[in-house]
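Throughout, read-outs are computed from the coordinates displayed, never taken from laboratory work. Since we're looking at a predicted model, the values are computed, not measured. Cβ placement follows ideal geometry from the backbone for every residue including glycine, while neighbour counts extend to all protein chains displayed.
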Amino acid sequence: MSNTSSTSNTSDSPKPDDDRPGPMQVLRHARAQLAELTGMAPESVSSFEQTENGWTLEVEVLEVARVPDTMSLLASYQVELDPEGELTGYRRVRRYERGRADPHPRRG
């Protein structure tokens with residue numbers, strides 16, 4: 001019976017003594033925190049990066065629903081989190097209609 005507790009630390013865990021959340025836990029918690037603060041539901045995470053100070057995400061949020069849906073207004077929020085996944089700040093970096101694509105930069 002005592003062997004069941006020793007199986008939780010396997011070679012799949014990079015740092016068994018580190019109890020920090022994993023990337024998926026951070027993403028879920030960040031979306032929930034942003035929704036609670038803004039009152040708007042995040043639709044997707046368009047970028048996600050671990051930094052020296054924690055995590056940086058860019059989250060797409062529906063700001064204004066319109067009919068047809070392609071005319072709805074979305075916004076990208078840059079979200080900063082500490083190493084434990086707690087939100088430390090956010091800001092809107094872009095607002096756009098759902099049906100609009102970003103212009104592609106010319107290369108040459």
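With the cut-off at 1.5 for a/c, could you classify segment 25-108 from its C-alpha gyration tensor as rounded, prolate or oblate? Because a/c hits 1.5 or more and a/b fails to exceed b/c, segment 25-108 counts as oblate. Projected label points at V93 and E60, each 7 Å from Cα along the beta carbon direction, are separated by 1.5 nanometres. Restricting segment 15-57 to GluC sites (Glu not before Pro) that sit in a DSSP loop and have at most 10 other Cβ atoms within 10 Å of their own Cβ leaves E52.
A simple spin-label model places pseudo-atoms 7 Å from Cα toward Cβ; at Q25 and T70 they are separated by 4.3 nm. In this simple spin-label approximation, A101 and E36 carry label points 7 Å from Cα along the Cα→Cβ vector, and these lie 3.9 nm apart. For the listed peptides 23-34, 64-75, a ranking on the average number of other beta carbons within 10 Å per residue, highest first, reads 23-34, 64-75.
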